[in-house]
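Here's the structure we're looking at; comments come further down.
The values are calculated or read from the model by the stated rules, or taken from the named source; none is laboratory data. Bear in mind the structure is a predicted one, so any value in this text is a computation, not a measurement. Glycine gets a Cβ as well: all are built from the backbone with ideal geometry, and neighbour counts include every protein chain shown.
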Amino acid sequence: MTRKDIQVKSLLILSASLAALAAPAAAQNSSAAPAIEPAAAEQAASTAEPAPAPLPVAAPPALLATPAEPQCELHVWPAERFQAMTTGWLGGGLIDAAIHAEGDKARRSHLASALDSEGQLHSLKTLDLVSLLHLPPSKIVTHSEALDRKTVNKIKTRRSNSTAPCYSELIVTDVFYHKAAMWGRSLRTSFMLRQFPEGAGEPTIRKTTGGNGLKIFPAKEGEDTTAADAELVSVFQKNFTEAAANFAKQSR
Amino acid sequence: MYWKSLGAAALIAAGAASAEAPMPESARSCDIHVYPADGVHSVGEDFDAVKRVDQDLRDYYRAAGRSLDWLTPDRQLTLISQLPIARLIGADNSPTTMHSEPLSRHQALEPGPRQPGAGCVVEVMLPQLMLERGGLAGRSLRVFGVVRRYDNGALTRSYSGFASSSMEGFRLKAPEDAPAATSLVEQAYRGAVETVLRNSTKIPRK
């Protein structure tokens with residue numbers, strides 16, 4: 001064995017021992033990796049097509065290319081009832097209502113305009129509905145025609161024709177603007193979440209509201225409404241996020 | 001020689017200045033494009049109940065004994081064409097194109113332009129019309145409009161806002177009230193559109 005051969009051999013031994021030392025660290029890294037996965041799964045669930053179910057490593061490439069359609073469905077309906085109320089220093093009542101009647105009429109229309117069915121659905125769709133509601137990966141189906149508010153509490157069966165085995169409904173029931181002399185302006189939104197069990201059982205129904213303050217809305221007649229409308233949409237989304245947290249508390 | 005060259009310089013300077021000075025907007029010709037709404041909707045409330053969207057409208061048509069088809073896209077365009085649109089938006093002597101396809105509010109607020117073209121293009125989109133009333137408030141018609149002006153494809157002015165016009169004297173309890181009620185709705189529509197267009201030229205307050 002030449003001197004050069006000895007040098008090469010010792011280098012090989014050294015690298016092998018270094019690799020052995022590095023192995024536990026690598027193992028630690030690989031064990032830390034799954035902690036990130038739920039977040040990634042949540043992100044994937046926000047879209048209509050959630051992350052594909054885990055596939056065996058040896059699956060053919062064709063199967064890997066087509067993610068499985070989720071078994072679950074979340075159907076969403078907008079609200080069609082808008083209320084606006086201003087309570088002045090008189091603290092409400094008929095005189096107060098009469099004083100603010102014209103203004104409240106305008107604000108109700110402004111709400112119905114900025115948060116029309118299309119606007120509500122669009123602002124909800126931009127949120128991670130599935131993960132906020134802690135639902136399994138679901139396909140989101142939106143309905144532009146609002147449900148009759150009077151029937152929402154009475155009808156306990158599915159409001160769509162879907163026969164999906166895993167099925168939930170999110171209904172926006174009311175949109176309420178309030179201006180109080182003492183507390184300022186706010187938007188309150190009511191939501192209902194109905195989760196249907198597999199089979200023909202009655203749904204689990206949860207109701208809650210979310211409410212947040214407004215600083216810009218409403219714009220005065222003649223003014224540009226862009227900022228006020230954007231704020232309204234943003235607060236509507238905030239209200240949903242708050243409501244989703246309330247739903248989570250109710251299910252505990 | 002000195003005075004001659006000075007005069008020539010003054011003329012050149014004056015010419016340059018006149019070329020740089022912006023023309024008053026009213027003197028420029030633009031292509032105006034107008035888009036209507038899909039129809040009219042209603043929001044309202046009584047003393048004891050909040051009405052559903054379009055509930056009032058259905059009640060009016062029921063009282064009339066038939067659908068009155070208020071403010072269909074075609075009818076809106078007819079009514080708008082009776083207004084001096086170009087003057088109202090500060091673009092006198094501009095040709096106007098009426099588009100029969102209605103736009104939703106969401107479509108109208110999408111970044112434009114809808115009509116590609118060089119020069120000045122003004123888009124007048126009126127995507128929402130609402131009949132409104134309250135338990136203690138009178139009836140009125142509210143129009144939401146978006147007016148955008150593009151110069152060589154670049155957005156140079158944008159306004160989105162609403163205006164309402166009173167429908168005082170509105171009554172629709174029987175089929176014979178329908179013609180007067182329809183006339184009042186259309187008059188309110190013209191008034192509200194006129195106000196929206198006029199507001200679109202106002203410089204926003206800081």
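Identify, by number, the condition in (1) over 29 Å from B:Ala108 (Cα atoms); (2) modelled with pLDDT of 95 or more; (3) not aliphatic (A, V, I, L, M) that A:Thr157 doesn't meet. Checking A:Thr157 against (1) over 29 Å from B:Ala108 (Cα atoms); (2) modelled with pLDDT of 95 or more; (3) not aliphatic (A, V, I, L, M), the one that fails is (2).
Listed conditions (1) farther than 30 Å from B:Met167 by Cα; (2) more than 16 Å from the chain's Cα centre (by Cα) are all met by B:Ser94, apart from (2). Looking across the range A:161-176, the residues that are polar (S, T, N, Q) and loosely packed, with under 13 Cβ neighbours inside 10 Å come down to A:Asn161, A:Thr163. If you check B:Pro73, B:Pro111 for being modelled with pLDDT of 95 or more and either within 14 Å of chain A (Cβ to nearest Cβ) or within 20 Å of B:Val185 (Cα to Cα) (or both), only one passes: B:Pro73. Going through the range B:114-128 one residue at a time, which ones are within 14 Å of another protein chain (Cβ to nearest Cβ) and farther than 30 Å from B:Arg171 by Cβ? If the condition is that a residue be within 14 Å of another protein chain (Cβ to nearest Cβ) and farther than 30 Å from B:Arg171 by Cβ, then B:Met125 is the only one that fits. For the range A:224-232, does any single residue satisfy the condition of being free of Cβ contacts under 8 Å to residues at least 40 places away in the same chain and part of a loop (DSSP other than H, G, I, E, B)? Yes - at least one qualifying residue is present in the range A:224-232.
Checked against (1) out of contact with any Phe, Trp or Tyr (no Cβ under 9 Å at 6 or more places or on another chain); (2) surrounded by 14 or more Cβ atoms within 10 Å (Cβ to Cβ); (3) at pLDDT 95 or above, B:Ser81 meets all criteria but (2). Taking the criterion of being part of a helix (DSSP H, G or I) and without any contact (Cβ under 8 Å) to a residue 60 or more places away in the chain, the residues of the range A:114-143 that qualify are A:Ser117, A:Glu118, A:Leu121, A:His122, A:Lys125. One residue stands out in the range A:221-252 among those that are within 14 Å of another protein chain (Cβ to nearest Cβ) and touching a helix residue (DSSP H, G or I) at 6+ places or on another chain (Cβ under 6 Å): the one that is farthest from B:Ala192 (Cα to Cα), namely A:Val233.
Filter the range A:118-133 for residues that are at the interface with another protein chain (Cβ under 8 Å from one of its Cβ atoms) and either surrounded by 16 or more Cβ atoms within 10 Å (Cβ to Cβ) or over 17 Å from the mean Cα position of the chain (by Cα) (or both) and give the result. Hit for the range A:118-133 is A:Gly119, nothing else. Restricting B:Arg142, B:Arg148 to residues that are crowded, with 19+ Cβ neighbours inside 10 Å, within 14 Å of another protein chain (Cβ to nearest Cβ) and farther than 28 Å from B:Ala49 by Cβ narrows the list to B:Arg148.
Check off (1) within 14 Å of another protein chain (Cβ to nearest Cβ); (2) in contact with a Gly (Cβ under 7 Å, 6 or more places away or on another chain); (3) closer than 21 Å to A:Leu74 by Cα for A:Val152 and give me the number that stays unchecked. Here A:Val152 meets the rest and fails (2). Return yes or no: is A:Asp96 free of Cβ contacts under 8 Å to residues at least 12 places away in the same chain, within 11 Å of another protein chain (Cβ to nearest Cβ) and either closer than 22 Å to B:Pro127 by Cα or charged (D, E, K, R) (or both)? Against the criterion (free of Cβ contacts under 8 Å to residues at least 12 places away in the same chain, within 11 Å of another protein chain (Cβ to nearest Cβ) and either closer than 22 Å to B:Pro127 by Cα or charged (D, E, K, R) (or both)), A:Asp96 qualifies.
Residue check: A:Glu198 meets all listed conditions (1) acidic (Asp, Glu); (2) more than 14 Å from every other protein chain (Cβ to nearest Cβ); (3) over 21 Å from A:Val76 (Cβ atoms) but one, namely (3).
Filter the range B:129-139 down to residues that are among the hydrophobic types (A, V, I, L, M, F, W, C) and buried (at least 21 other Cβ atoms within 10 Å of the Cβ) and give me whichever is nearest to the other protein chains (Cβ to nearest Cβ). Before the answer, list the steps.
Residues of the range B:129-139 that are among the hydrophobic types (A, V, I, L, M, F, W, C), as a first pass: B:129-131, B:136-137.
Those left that are additionally buried (at least 21 other Cβ atoms within 10 Å of the Cβ): B:129-131.
On the way: B:Leu129: 10, B:Met130: 5, B:Leu131: 9 Å.
Ranking the qualifying residues of the range B:129-139, first place goes to B:Met130.
The residue of the range B:160-187 that is nearest to the other protein chains (Cβ to nearest Cβ), among those that are over 10 Å from the mean Cα position of the chain (by Cα) and closer than 24 Å to B:Leu109 by Cα, is B:Ser164.
The set of residues in the range A:144-160 that are polar (S, T, N, Q) and either touching a residue at least 60 places away in the same chain (Cβ under 8 Å) or exposed (fewer than 11 other Cβ atoms within 10 Å of the Cβ) (or both) comprises A:Ser144, A:Thr151, A:Thr157, A:Ser160. State all residues of the range B:41-72 that are closer than 26 Å to B:Pro127 by Cβ, part of a loop (DSSP other than H, G, I, E, B) and of a type in the set (Asp, Glu); if no residue qualifies, say none. Passing the criteria: B:Asp54, B:Asp69. When the criteria are applied in full, A:Ala244 meets the requirement of being crowded, with 17+ Cβ neighbours inside 10 Å, of a type in the set (A, V, I, L, M) and outside any loop (DSSP other than H, G, I, E, B).
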